[in-house]
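Read the structure below first, then the notes.
The values are calculated or read from the model by the stated rules, or taken from the named source; none is laboratory data. Keep in mind that what you see is a predicted model, and the values were worked out from it rather than measured. Virtual Cβ from ideal backbone geometry, glycine too; neighbours counted across all protein chains shown.
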């Protein structure tokens, strides 16, 4: 596994001494910019269902029934997660769990034309303004919230609790002659929440 270390270096030139509270305030002000641009590294590989936490297997079985599931272990910069990939009702889903089997989110593969019109306009406007060229290569609707709530929403049952919808976009961009792949996360209205450079070539484990 590749290890990465991030160091934020804050240097301020001034004839006046800077107190530690002031330095801390400056550092915290810089953090949102760093978080917005932190890179994405992922490596995933197939695992057997017996290697999965019981909670993860139970959620998938309860929500999606007996449909065929392919399980993956995904290593990233903060540790590892488990992901279930499956087809259900002619739709492609990926369900991500943390290392203990707690649900993190559910993602549904969609086309740009399936986005709400206003959301699509916002995303396309951002891409046009931020880059010389940009091509969306993958688009997913991402649902997060309480597990029971998401299970009911997926099955189109009555939902009595709140959940959040985001849109995850993978795009190849070009700026000043440099091509860079990014993973972009937008809120339900199309506002950019985060941007991560994809520093590892996309893997081939996209089979459902």
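Per-residue answers, yes or no, for (1) in contact with a strand residue (DSSP E or B) (Cβ under 9 Å, 6 or more places away or on another chain); (2) loosely packed, with under 15 Cβ neighbours inside 10 Å; (3) not in a loop (DSSP other than H, G, I, E, B):
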| residue | (1), (2), (3) |
| --- | --- |
| 50 | no, yes, yes |
| 56 | yes, no, yes |
| 66 | no, yes, no |
| 73 | yes, no, yes |
| 81 | yes, no, yes |
| 86 | yes, no, yes |
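Only residues that are over 25 Å from residue 43 (Cα atoms) and exposed (fewer than 13 other Cβ atoms within 10 Å of the Cβ) were counted across segment 147-185, and they come to 10. The condition of being without any contact (Cβ under 8 Å) to a residue 40 or more places away in the chain and farther than 26 Å from residue 52 by Cβ holds for only one of 120, 113, that being 113. Here residue 149 clears all of (1) outside any helix (DSSP H, G or I); (2) out of contact with any strand residue (DSSP E or B) (no Cβ under 7 Å at 6 or more places or on another chain) except the condition numbered (1).
Just checking, does segment 176-185 include any residue being within 18 Å of the chain's Cα centre (by Cα) and not in a strand (DSSP E or B)? Give the steps one after another, and end with the answer.
Step one: list which residues in segment 176-185 are within 18 Å of the chain's Cα centre (by Cα), which gives 180-185.
Narrowing the set further to residues that are not in a strand (DSSP E or B) leaves none.
Checked against the condition, which is being within 18 Å of the chain's Cα centre (by Cα) and not in a strand (DSSP E or B), segment 176-185 yields no hits at all.
May I ask you to verify whether residue 101 is within 19 Å of the chain's Cα centre (by Cα), at positive phi and surrounded by fewer than 19 Cβ atoms within 10 Å (Cβ to Cβ)? For residue 101, the condition - within 19 Å of the chain's Cα centre (by Cα), at positive phi and surrounded by fewer than 19 Cβ atoms within 10 Å (Cβ to Cβ) - is met.
When you scan segment 132-144, how many residues do you find that are more than 14 Å from the chain's Cα centre (by Cα) and either surrounded by fewer than 18 Cβ atoms within 10 Å (Cβ to Cβ) or part of a helix (DSSP H, G or I) (or both)?
Of segment 132-144, the ones more than 14 Å from the chain's Cα centre (by Cα) are 132-137.
From the residues that got through so far, the ones that are either surrounded by fewer than 18 Cβ atoms within 10 Å (Cβ to Cβ) or part of a helix (DSSP H, G or I) (or both) too are 132-133, 135-137.
Number satisfying all stated conditions: 5.
I need every pair where a residue in segment 186-208 that is at positive phi and surrounded by 14 or more Cβ atoms within 10 Å (Cβ to Cβ) has its Cβ under 6 Å from the Cβ of a residue that is modelled with pLDDT of 95 or more and not in a loop (DSSP other than H, G, I, E, B), sequence separation at least 6 or different chains. Sorted first by the residue in segment 186-208, then by its partner, the pairs are 190/119; 190/122; 190/123.
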